[in-house]
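Asks: Mind having a look at this structure? Questions to follow.
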There are 4 protein chains.
Amino acid sequence: MRDFHLNGILPPLTTPFDGGGNVDYEALRANVERYNEAGLAGYVALGSNGEAVHLTQDERSGVIETIRRHASPAHTVIAGVNEFSTRAAINGARNASAAGADAALVITPYFYKSQMTQGLLAAFFAEVADASPIPVLVYNVPQNTGVVIEPATIAKLAAHGNIIGVKDSSGNMGAICETLRLAPAGFKVMVGNGGILYPSLLMGAAGAILGVACAAPRACVEVYEAARAGDHARARELQNRLSPLSHIVTAGLGVPGLKAAMDMTGLMGGAARAPLMPLSDSDAARVKAVVRGTGLFPDFE
Amino acid sequence: MRDFHLNGILPPLTTPFDGGGNVDYEALRANVERYNEAGLAGYVALGSNGEAVHLTQDERSGVIETIRRHASPAHTVIAGVNEFSTRAAINGARNASAAGADAALVITPYFYKSQMTQGLLAAFFAEVADASPIPVLVYNVPQNTGVVIEPATIAKLAAHGNIIGVKDSSGNMGAICETLRLAPAGFKVMVGNGGILYPSLLMGAAGAILGVACAAPRACVEVYEAARAGDHARARELQNRLSPLSHIVTAGLGVPGLKAAMDMTGLMGGAARAPLMPLSDSDAARVKAVVRGTGLFPDFE
Amino acid sequence: MRDFHLNGILPPLTTPFDGGGNVDYEALRANVERYNEAGLAGYVALGSNGEAVHLTQDERSGVIETIRRHASPAHTVIAGVNEFSTRAAINGARNASAAGADAALVITPYFYKSQMTQGLLAAFFAEVADASPIPVLVYNVPQNTGVVIEPATIAKLAAHGNIIGVKDSSGNMGAICETLRLAPAGFKVMVGNGGILYPSLLMGAAGAILGVACAAPRACVEVYEAARAGDHARARELQNRLSPLSHIVTAGLGVPGLKAAMDMTGLMGGAARAPLMPLSDSDAARVKAVVRGTGLFPDFE
Amino acid sequence: MRDFHLNGILPPLTTPFDGGGNVDYEALRANVERYNEAGLAGYVALGSNGEAVHLTQDERSGVIETIRRHASPAHTVIAGVNEFSTRAAINGARNASAAGADAALVITPYFYKSQMTQGLLAAFFAEVADASPIPVLVYNVPQNTGVVIEPATIAKLAAHGNIIGVKDSSGNMGAICETLRLAPAGFKVMVGNGGILYPSLLMGAAGAILGVACAAPRACVEVYEAARAGDHARARELQNRLSPLSHIVTAGLGVPGLKAAMDMTGLMGGAARAPLMPLSDSDAARVKAVVRGTGLFPDFE
């Protein structure tokens, strides 16, 4: 297994599609090459922003391989595993490993919501981690799943030798603090909301996996570096620039909004797969206004 | 295309697994043969109770084929399509058709919840129905998906020539009444909650797709027949027998509870796939007490 | 204590205000006199539609007294009690009795939501009923309170000698059926959603307390009478006329919408108290279209 | 009007009751005198933890007067206003002023939830602030109300000359950051969750109104002082001590839990008013373990 680290910013890369709606691996390569210069810790393939749920098994492997191939060797590559059964999640982790991922970011199962007790979730992650050839991160994203994995459950799972961290996209700062407090040192808490990046780092988060980092990777890295350097004024100021962009391209307009912001900043965004719809003209104008308002893109027309 | 109808009760068949956790097609065949005598209108493969989300593509085809092969020719076979992208849902409908399904029961997409507007849902179903070789039913199951498709949207979709009905498992009787009121005659509203079977039929539902019908098919058929015959006293009395069983094997204990009730009543239930867990002893005892309490299974020890 | 009954329709009377925002008791009297001819079982004062939460203690007593004075002696008068502490709820029931109410409709407490366990709710209602000089009905209205009292809790409370029924406005038909199944004969289940009036009566509800009955009392009474007479076709047809009106004046536009519909049908509606706002012109036009669309008001311009 | 400030920690004082369930003003006085030595900025009377909803109008005035009389002159006294109608909220602010409060903390109205649009909330607060003789703070507490006032609405209200701040108890750190970003300098954002005290201060919150400060006032003040002094390591360490106590006495066990923790630490807690129930023995033991686990009370047996 490769040596890798999780200290810093990892964008959950969007998946570009060509005019026929097929994965555009060339565009993905171009994005990765652009990102390679930004000071990122690595990349997440097949996260929520990567439209993992819209891809076939073959496409999933292709996306991981493309990212791994074009990332620099120092970049960590994490692959999302979005499955409902334990056996499918294990297969997903194995496929991710085979395609070159360093670690697997495994979403909580979420279809049979009323059955998703903390005990079931703990058993699920332990079983997946037992069988996974690569280390596992727990993925908590209740706004998409309707399921919450609690800090106490995460802390319990942190004792498993093959579970190395959590990505928490809940936006629940109190819960993130609890996880940081309860989990052992070395367990990696990665925040998943751009709007609370700096406060999370300050409380001890190792890093972040942020949709907004697909559009504004440097600004996210600079928040991270300012926080690490103890330059609180600068971290707060950058956080305030990032927050409105983070909000509109995630909770607000979702993947189509994020891809539009990427198009505006010189990256390959493009359309999301249906049923996600292109932005309306007025929403596109809102994104443009927010991008411009950040002051982070001086070259932006 | 085969001629088929939706007037009556269709159980969403559970998928039996063998000791190794693989699909047990023989057990599925045995269940279908038992059900063939019960007066059912047909079967639903790959619904929520069928653990569609836990099956591979090959298993999904195998389940549909097995049900079609062992159902009597007069039985309608509907196949669930549980996908997130429009293109995957279209493929799912095509595969269902190829495997012998008469119609496809297509779930609302549900991962990017904040983007699931009524307009998006309408466009999704229209596009799937345009491409599907078999008629489509809309599947509304917010307790699993966190997404609601509204009566006005369903009524609009009812004008599409290849969308023939809806399965509504929301339990929202007011919304079901609205759909019945707004949709044209001939559009099939199938209720998906055993606890409101009789009231729904009375308001004009064509039939029902009920988890509890996997355990108590005859009682469900008798409610249907009593309602059709205008024997309200009998329909109500049977409804009251069914309701507690329906509750515990769906909202209460889910698929493991339903499978336990099937085991108790001479059918092939067995374990669900992980991460769903076997019932605790106390939950199994509760199911047994409820099964016995219905008075519907005189041979039950 | 007066003899009274709960079999039939009781509108939860709106509270009219004059131009200065004070309670207009004359307008209330005029409404009651109009309603006296409609075949109603009685009236509810100080329900959600009566803006109980917007009235002072003195106004609450005045409203009850006015309704009692102008109702015919055969009409039952129920008074809402909307309080948070047990002692205040007991005082509310005593005041209601003193002002002439036959029974008290006591809302579940709802501020400290995370503490509102079923055990706490059971203890609360038992303690209030112990001290109340008039019989108590439980009021379940989760869309306003965020608190649900479950069928099993209601059924347990039904054993209390001074708890005679429940008004269930949840719209959860399955739960209403459960309450009807679990509670003893004689316990009065009053449905609180116009959209499910007929199905609820069919399952055994004694009657209904319906906002829409403030605007369309005769139609509600006719649904009740048709259901009692076993004229299912007529009951269903009237239900379908009522449903859209019920929806827009309750869940849709709330008290201001209901009052607007009353104004349109010759009753004294008027403005709600702030912070509730007057209808926009477009919302008023929607109400007018729905009122006309029911076909229940032939004299409506 | 007195000069007062909001920079620091204000506990939302609990209301003690005597054995007969009446307000125990002597116990309240004793608590205030204890708190006067703790370095607090002031006190909030009649907040959620003060059981405002369980008190009569006379008791509310008595509580404010008692706190004002026994606080030191340098302490700010804020009074909660928990009403549903605009006119009642205005009366509440006037009564608070008459009883000696420096400012009014006015809760969002919350009964007619479906009508509580941002426009309605903005109009409500503007109208109350127009008429209030003392400055107004907006109180956002969705876990109790089911209503959210959004950052953009708060920022708009910040332009009103008599609206000086917000208490945000939502726990939504991203929203708190947004409010801080959007509101003008000088607008006071007071955080209402002990679990996110330090991150909120770091992002610019002026201070905090924290239930946990009723039990652990010094520790809260020390977090505030460490944050102001830029001693991040100490602030974080104290935050981690406070968090579990904050959680169990607010979201966990509510007012009865907070009062139990006060009893354990030498303050006058006592019972909450019914329907809130005394802690079970096992819950009391949990509180004791958490209090001891903080290490903040060296004298604790």
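The values are calculated or read from the model by the stated rules, or taken from the named source; none is laboratory data. In this text, all values refer to a predicted model and were calculated from it rather than measured experimentally. Cβ coordinates were reconstructed from backbone atoms using ideal geometry, including for glycine residues, and neighbour counts include every protein chain displayed. What goes into the accessible areas is simple: the full protein's heavy atoms, side chains included, and nothing from ligands, DNA or RNA. Shrake-Rupley method; radii C 1.70, N 1.55, O 1.52, S 1.80 Å.
Asks: Out of curiosity, is residue C:287 under 18 Å from residue C:169 (Cβ atoms) and of a type in the set (Val, Ile, Thr)?
Replies: Against the criterion (under 18 Å from residue C:169 (Cβ atoms) and of a type in the set (Val, Ile, Thr)), residue C:287 does not qualify.
Asks: Can you name the number of the only condition in (1) in contact (Cβ under 8 Å) with a residue 40 or more places away in the chain; (2) crowded, with 21+ Cβ neighbours inside 10 Å; (3) more than 23 Å from residue A:273 (Cα to Cα) that residue B:188 fails?
Replies: Every listed condition holds for residue B:188 apart from (2).
Asks: So, one more: Can you tell me which of B:154, B:149 is in contact with a strand residue (DSSP E or B) (Cβ under 9 Å, 6 or more places away or on another chain), crowded, with 24+ Cβ neighbours inside 10 Å and in a helix (DSSP H, G or I)?
Replies: None of the others qualify; the one that does is B:154.
Asks: Give just the number: which of (1) outside any strand (DSSP E or B); (2) open to solvent by 10 Å² or more (accessible area, probe 1.4 Å) does residue D:164 not satisfy?
Replies: (1)
Asks: Still on this model: Does residue B:198 satisfy the criteria of being part of a helix (DSSP H, G or I), under 18 Å from residue C:174 (Cα atoms), modelled with pLDDT of 95 or more and within 13 Å of chain C (Cβ to nearest Cβ)?
Replies: Yes, satisfied.
Asks: Can you tell me how many residues in segment D:257-285 are basic (Lys, Arg) and either under 21 Å from residue D:34 (Cβ atoms) or at pLDDT below 95 (or both)?
Replies: Residues that pass the stated criteria total 1.
Asks: Scan A:228, A:241 and give me the residue that is at pLDDT 95 or above, more than 28 Å from residue B:114 (Cβ to Cβ) and surrounded by fewer than 21 Cβ atoms within 10 Å (Cβ to Cβ).
Replies: Unique residue meeting the criteria: A:228.
Asks: Going by the structure shown, is residue A:209 among the hydrophobic types (A, V, I, L, M, F, W, C) and under 27 Å from residue D:201 (Cα atoms)?
Replies: yes
Asks: Considering only segment D:274-301, state which residues are in contact with a Pro (Cβ under 9 Å, 6 or more places away or on another chain), open to solvent by 40 Å² or more (accessible area, probe 1.4 Å) and outside any loop (DSSP other than H, G, I, E, B).
Replies: Across segment D:274-301, the qualifying residue is only D:293.
Asks: If you go through segment C:116-127 one residue at a time, do you hit one that is of a type in the set (S, T, N, Q) and open to solvent by 20 Å² or more (accessible area, probe 1.4 Å)?
Replies: For segment C:116-127, residues of a type in the set (S, T, N, Q) and open to solvent by 20 Å² or more (accessible area, probe 1.4 Å): present.
Asks: I would also like to ask the following. Can you name the condition, by its number, that residue A:61 falls short on among (1) polar (S, T, N, Q); (2) buried (at least 24 other Cβ atoms within 10 Å of the Cβ); (3) more than 14 Å from chain B (Cβ to nearest Cβ)?
Replies: Residue A:61 satisfies every listed condition except (2).
Asks: Moving on to the next point. Can you pull out every residue in segment B:23-41 that is within 12 Å of residue B:221 (Cα to Cα) and either loosely packed, with under 15 Cβ neighbours inside 10 Å or basic (Lys, Arg) (or both)?
Replies: Hit for segment B:23-41 is B:37, nothing else.
Asks: Could you check segment B:1-15 and list, in sequence order, the residues that are out of contact with any strand residue (DSSP E or B) (no Cβ under 7 Å at 6 or more places or on another chain) and buried (at least 19 other Cβ atoms within 10 Å of the Cβ)?
Replies: B:14
Asks: Out of (1) within 14 Å of the chain's Cα centre (by Cα); (2) surrounded by fewer than 24 Cβ atoms within 10 Å (Cβ to Cβ); (3) β-branched (Val, Ile, Thr), what's the single condition that is false for residue B:221?
Replies: (1)
Asks: Based on what the data block shows, is residue A:138 at pLDDT 95 or above, closer than 24 Å to residue A:212 by Cβ, in contact with a helix residue (DSSP H, G or I) (Cβ under 8 Å, 6 or more places away or on another chain) and in a strand (DSSP E or B)?
Replies: yes
Asks: Restricting to helices (runs of 4 or more DSSP H) lying wholly in segment A:1-109: which have 3 or more residues that are without any contact (Cβ under 8 Å) to a residue 24 or more places away in the chain and closer than 19 Å to residue A:274 by Cα?
Replies: Correct list: empty, since no element meets the threshold.
Asks: Something else now. Can you run down the residue pairs with Cβ atoms below 9 Å, 6 or more apart or on separate chains, where the first is in segment B:274-289 and facing another protein chain (nearest Cβ under 10 Å) and farther than 11 Å from residue B:260 by Cβ and the partner is acidic (Asp, Glu) and open to solvent by 40 Å² or more (accessible area, probe 1.4 Å)?
Replies: Listed by first residue and then by second, the contacts come to B:274/A:127; B:275/A:127.
Asks: Taking residue D:254 and the conditions (1) at pLDDT below 95; (2) over 26 Å from residue D:119 (Cα atoms), which numbered condition does it fall short on, given that it satisfies the others?
Replies: Every condition holds for residue D:254 apart from (1).
Asks: Please work out which residue is farthest from the other protein chains (Cβ to nearest Cβ), limiting yourself to segment C:173-195 and to residues that are assigned to a helix (DSSP H, G or I) and under 15 Å from residue C:239 (Cβ atoms).
Replies: If we take residues in segment C:173-195 being assigned to a helix (DSSP H, G or I) and under 15 Å from residue C:239 (Cβ atoms), then C:194 is farthest from the other protein chains (Cβ to nearest Cβ).
Asks: Still on this structure: Among the residues in segment B:102-114, are any surrounded by fewer than 20 Cβ atoms within 10 Å (Cβ to Cβ) and over 21 Å from residue A:59 (Cα atoms)?
Replies: yes
Yes/no matrix, rows are residues, columns are (1) away from chain D (no Cβ under 13 Å); (2) under 20 Å from the mean Cα position of the chain (by Cα); (3) among the β-branched types (Val, Ile, Thr):
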| position | (1), (2), (3) |
| --- | --- |
| C:79 | yes, yes, no |
| C:103 | yes, yes, no |
| C:111 | no, no, no |
| C:121 | no, no, no |
| C:134 | yes, yes, yes |
| C:149 | no, yes, yes |
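Asks: Same structure, new question: Can you pull out the residues in segment A:63-77 that are over 15 Å from the mean Cα position of the chain (by Cα) and closer than 22 Å to residue A:139 by Cα?
Replies: Matches in segment A:63-77: A:65, A:68.
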